[in-house]
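Novice: Take this structure, written in structure tokens, and hold onto it; I'll ask about it next.
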Amino acid sequence: MLDAQRYKGNTLRLEVHFTRVVLWTHLALGTLVVLLLLLHEVFGWAAIAAGWYFVTVMLVGGLITGHSACRWALGVCFLLFAVTGVFFLSQVMPGLKPEHPPLLPHSVLRIWLGLANLAYAAGGILMLGSVRIRKAAGIGFKLR
């Protein structure tokens, strides 16, 4: 009986650890995306990305408190980022003609934004389909 009580809290340790890694990756990558958009001097899109990031941080807060609906919303936000990034690269980026050269050249933008699109598409699929994240979101956890 005592052994069962001792290990009761660690039943979902791997699931919580996996979810923490995914969320910390998002928190770091999302900040980096906004910063890089600012350095490329695409200020309107940086503001949109900052708003998206703010919404996802609120959803992360809901996810760690045990609201499993936030998992679905966060997965949809991740997929929305990937779709918006593809739209930006295919429709908006070719029309950008800066008056003066930005801090980072626009040729680098294609590379890192393409990688971020892939990462957020994978993150969205993980959020929506991973059993580990579903279990961790059902119980709530700390992000530390």
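Yes/no matrix, rows are residues, columns are (1) aromatic (Phe, Trp, Tyr); (2) surrounded by fewer than 19 Cβ atoms within 10 Å (Cβ to Cβ):
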site: 30; (1), (2): no, no
site: 56; (1), (2): no, no
site: 87; (1), (2): yes, yes
site: 100; (1), (2): no, yes
site: 106; (1), (2): no, yes
site: 128; (1), (2): no, yes
site: 138; (1), (2): no, yes
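Novice: Kindly indicate the residue of region 86-124 that is at pLDDT below 90, more than 16 Å from residue 35 (Cβ to Cβ) and of a type in the set (A, V, I, L, M) and also farthest from the chain's Cα centre (by Cα) among those meeting that condition.
Specialist: The qualifying residue farthest from the chain's Cα centre (by Cα) is 96.
Novice: Considering every residue within region 55-67, establish whether at least one is under 18 Å from residue 96 (Cα atoms), touching a residue at least 24 places away in the same chain (Cβ under 8 Å) and over 16 Å from the mean Cα position of the chain (by Cα).
Specialist: So in region 55-67, the residues under 18 Å from residue 96 (Cα atoms) come out as none.
Among the residues of region 55-67, not one is under 18 Å from residue 96 (Cα atoms), touching a residue at least 24 places away in the same chain (Cβ under 8 Å) and over 16 Å from the mean Cα position of the chain (by Cα), which makes the answer no.
Novice: Cβ-Cβ under 7 Å, sequence separation 6+ or interchain: first residue in region 37-50 and of a type in the set (Phe, Trp, Tyr) and modelled with pLDDT of 95 or more, partner surrounded by fewer than 17 Cβ atoms within 10 Å (Cβ to Cβ) and part of a helix (DSSP H, G or I). Which pairs?
Specialist: none
Novice: Looking at 57, 83, 16, which is the one that is part of a helix (DSSP H, G or I), within 21 Å of residue 119 (Cα to Cα) and at pLDDT below 95? Outline the logic, then answer.
Specialist: Details: 57 fails: at pLDDT below 95; 83 fails: at pLDDT below 95.
Step by step, each of 57, 83, 16 is checked, and only 16 is part of a helix (DSSP H, G or I), within 21 Å of residue 119 (Cα to Cα) and at pLDDT below 95.
The values are calculated or read from the model by the stated rules, or taken from the named source; none is laboratory data. What you see is a predicted model; the values in this text were computed from it and never measured. Reconstructed Cβ throughout: ideal geometry from the backbone, glycine too, with neighbour counts over all protein chains shown.
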